[in-house]
Each structure stands twice: as C-alpha cells, then as structure tokens.
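All remarks here apply to the structure that follows.
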Amino acid sequence: MPIIRTEGLTHIYSKGTPFQKVAIDHINIDIARGEFVGLIGHTGSGKSTFIQHLNGLLAPTGGKVIVDGVDIASSKVAARDVRFKVGLVFQYPEYQLFEETVYRDIAFGPKNMGLSREEIDLRVREAASFAGVSEELFEVSPLELSGGQKRRVAIAGVMAMKPQVLILDEPTAGLDPAGRESILANISYYQRTTLSTVILISHSMDDVARIASRLIVFSEGKVAMDGTPAEVFERAEELTAMGLTVPKATEIAMALRRRGVDIPQSIYTINYLRKMLINLREGDEQY
C-alpha cells in the first residue's frame, strides 16, 4: 500500500467567479514508502498547490488524498493526524521561527504531539543532528543565526515530529552553493537513515537529478511525466518545450548529439556523461 495516494485530486481557485483558475486537475499519483521524489515544473504548474493538499492545508475541490490508507478528509481525527504524518517545510521556512531559543523552536512540534519531556529532548537532538544544527546553538535566539542556520533549524523542527513523509518546498532557495550542497546532503542522509518518504520541490534540475530516485513533472495542473531521472531527462526536448531547464550534463549531451556524437539520450549526470565520452574515445582508439 502506498504511503500517499491521490485519486482525481482537483483544486480550483475562486471557483464560480470570473477569476476561476484550475490549479491541479484530476491528479492520480501513488507514492511508495521510502521513495525520494523530486517534483519539478515551472511557476504556476500546480506543484505547490499539490503538496499543500497532502497534509490538509488545502481542501480539494474534487477527489481524495489518502495517507497511510486513510482518507484525510474522512474525519476530524484524520485531518489532525495527517499533520504529524506529513511534515511540510515551506519555501523560506526561517520566517516561521518564533520561539526564544533554537531548542524551543525545534521542540515546538513534538511538544504539541503530547510527548514526554525525555522523548522531546531525544527528538530535538536527533533532528538537530540530521539537519546539521550544532547543539551549541540550542540556547541562542533564532534571530541571531545566519540565513543558512535558520533554514536548518526550521527543517529540524519538522524532522523532530518524525513524519512518515517529509515535504520540502525549495529548501535551498537563496542559499550560496556551499550552503545548498550541505543542506541537500543532510536531507539525503536523513532519507537514507530513516527510510522516510521525501518529496522535494526544486527548480534546480541538477539537484533533483542527483538525489531523487523518481521525478514527477507538473505542467498546467497535470502530471506531464513520471519516472526515474533517466526516463524523464531522456525527454529533454519536451522539458525544454515546457519552459523547463535540464541538468548541465543533459544540456551538453543534447549539444553533442546535434553535432553527430552518438551518446545516449538518458544522460543526466556529469559522471555518466564523462563515462560515455571515455567509452567513445576508447572505442575510436581501437580502430
């Protein structure tokens, strides 16, 4: 049984008015336990609207969201429980920090779950470790932290609730390359260690190509593609026609194929591209 299933999920903003807009249209998706899914799509494609349905922040205009076998709209209990099963980290989550200390901010979610003081402390320390937050910062005000540190604290606060599904909306937006790489490494380590389901929205194709095992492409409120990174980036021409970028390695491979170089369409990492070019050179040298 998938951890998340959507059946005909539809959301219409301002329904019945002149400003009516279909944001997502009959989305049918199954997401398995332990999957690392990358959601990609241009601005306005529906991906952010989609994820806000997965923990009940938005109610569907039509269709269902089923989490761990339960329709989250079936009862008040189900609607409440999904907030702890599906953790959502918004874009620029550091603006949501409000407690006096880093420790209290990370502990806020577990405290609302009614856990014991000992369990809360254990979760805070574990989540801080996963997110790369030093315990030396526990008694520091979040307002005194750098942008990257605030981002880590916000992510740790969601991890501390131990959700079965962790959703992150552009978690590296606005960070420098080193900060972006570090946070992505922390998220990847968290997913491998806890075997949790992770859904990552990102505009960086190189990032999702490296760490996601499955990509879902949204376009005009519908799922346009769904497959492994190799399967999705094999359709690079279609992605660019949608106004999306592709990984640098895919872009280079496309240019080489246009010049007559015989390399696969499924290239999406620099290492894979390098391997194919070396194989080609070694093949030429044999003749």
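Bear in mind that the values in this text are calculations on the coordinates, not laboratory data. Here the structure is a predicted model, which means the values were calculated and not measured. Don't worry about glycine lacking a Cβ; one is built from the backbone with ideal geometry, like all the others, and counts go over all protein chains shown.
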For this session: Any chance you could run the full-extension gain for D176 through L57? It's 0.36 nm times the residue separation minus the Cα-Cα distance, nm to one decimal.
Result: 39.8 nm
For this session: Evaluate E = 1/(1 + (r/R0)^6) for K111 and V77, where r is the Cβ-Cβ distance and R0 equals 22 Å; express this FRET efficiency to the nearest 0.05.
Result: 0.65
Seminar exercise, completed: Here the convex hull volume per residue of region 69-226, taken over Cα atoms and given in Å³, is 135
Seminar exercise, completed: A chain fully extended from K21 to E136 at 0.36 nm per residue, minus the present Cα-Cα distance, gains in nm 36.6 nm
For this session: Please give the length that would be gained between N28 and D226 if that part of the chain were fully extended, namely 0.36 nm times their separation in residues minus their C-alpha to C-alpha distance (nm, one decimal).
Result: 70.2 nm
For this session: Treating cross-link reach as a plain straight distance, find the lysines whose alpha-carbon is under 21 Å from the alpha-carbon of K248, omitting any fewer than eight places away in the same chain.
Result: K275
Seminar exercise, completed: Listed by chain and number, the lysines with an alpha carbon less than 17 angstrom from that of K47, same-chain partners under 8 positions apart left out, are K21, K64, K222
Problem set entry | Charge dipole (debye, nearest 20) of the chain; +1 at Cβ of Lys and Arg, -1 at Cβ of Asp and Glu | 520
Seminar exercise, completed: Of the candidates Q265, Q20, V158, the farthest towards the positive dipole end of the chain (Lys/Arg Cβ +1, Asp/Glu Cβ -1, centred on the Cα centre) is Q20
Problem set entry | Highest to lowest packing among 116-122, 102-108, scored as the average C-beta count within 10 Å | 102-108, 116-122
